[in-house]
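Structure first, commentary second.
None of the figures in this text is laboratory data; all of them are computed from the coordinates on show. Keep in mind that what you see is a predicted model, and the values were worked out from it rather than measured. Virtual Cβ from ideal backbone geometry, glycine too; neighbours counted across all protein chains shown.
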Amino acid sequence: MFTDGSPSAIRPTRAALHIRRGRVPRNGYVVMLSGELDIQTAVDLRSHLTTILAERPLPEHVVIDLEGVTFMDSLGLGTLVVGHRICGDLGVRFTVRNPSSFVAHLLTVSGFGERLLGS
């Protein structure tokens, strides 16, 4: 489709995902995301989760706040699902909160909404 090596007209530059994380009471973390969680940025979230889960003692819970997420693709969703699974294997509670209507719809149609949102 693009034979001249030009960037895609749809996504010409690397998407931005801003990540802030902080400690919360009772040995936990909240990770606040804003921007796009997709194939280009999911690695950044994975890196933050890896750092959190490398701590000893392990945190009791990790909350991913999606209030500022404007777009999420299947790799972004997959990152949340794998994060949930790994946390569960380690005995760490993992929940997602504040999805936009777009992200909430994606979570619902994928069948992961109840699991990730803790409903």
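Among Arg23, Arg56, sorting on how many other beta-carbon atoms sit within 10 Å of each Cβ, with the fewest leading, yields Arg56, Arg23. Mind pulling the angle between the C-alpha long axis of helix 42-53 and the longest principal axis of the chain? Nearest 10 degrees, somewhere in 0 to 90. The answer is roughly 10 degrees. Ignoring everything except DSSP H segments at least 4 long, calculate the 222 nm mean residue ellipticity for the chain; use -39,500 (n - 2.57) per segment, divide by total residues, nearest 500. For the chain, the value works out to -11000 deg cm²/dmol. Close amide H partners of Gly68, meaning residues 5 or more places away or on another chain with modelled amide H under 5 Å apart, are Leu33.
By the count of neighbouring beta-carbon atoms within 10 Å, fewest first, Asp89, Asp73 end up ordered Asp89, Asp73. Pair-distance distribution P(r) for the chain, from all Cα-Cα distances in 10 Å bins starting at 0: 13, 46, 29, 9, 3, 0 percent.
Among residues other than Leu90 whose Cβ falls under 12 Å from its Cβ, what is the net charge (Lys/Arg +1, Asp/Glu -1)?
Details: positive: Arg56, Arg85, Arg93; negative: Glu55, Glu60, Asp89.
That sum, taken over residues with Cβ under 12 Å, equals 0.
Less than 5 angstrom separates the built amide H of Arg93 from those of His61, Val62, all sequence-distant by 5 or more or on a different chain. Does anyone have the angle between helix 101-110 and the longest principal axis of the chain? Alpha-carbon axes, 0 to 90°, nearest 10? The angle comes out near 80 degrees. Ordered from longest to shortest, the equivalent ellipsoid semi-axes for segment 66-119 are 18, 11, 10 Å, each the square root of 5 times a Cα gyration tensor eigenvalue.
Using a 10 Å cut-off around each Cβ, can you sort Leu45, Leu37, Leu66, Leu117 from fewest to most neighbouring Cβ atoms? Working shown, then result.
Numbers: Leu45 19, Leu37 27, Leu66 24, Leu117 16.
The order, fewest Cβ neighbours first, is Leu117, Leu45, Leu66, Leu37.
The antiparallel fraction among DSSP beta bridges confined to segment 17-117 stands at about 35%.
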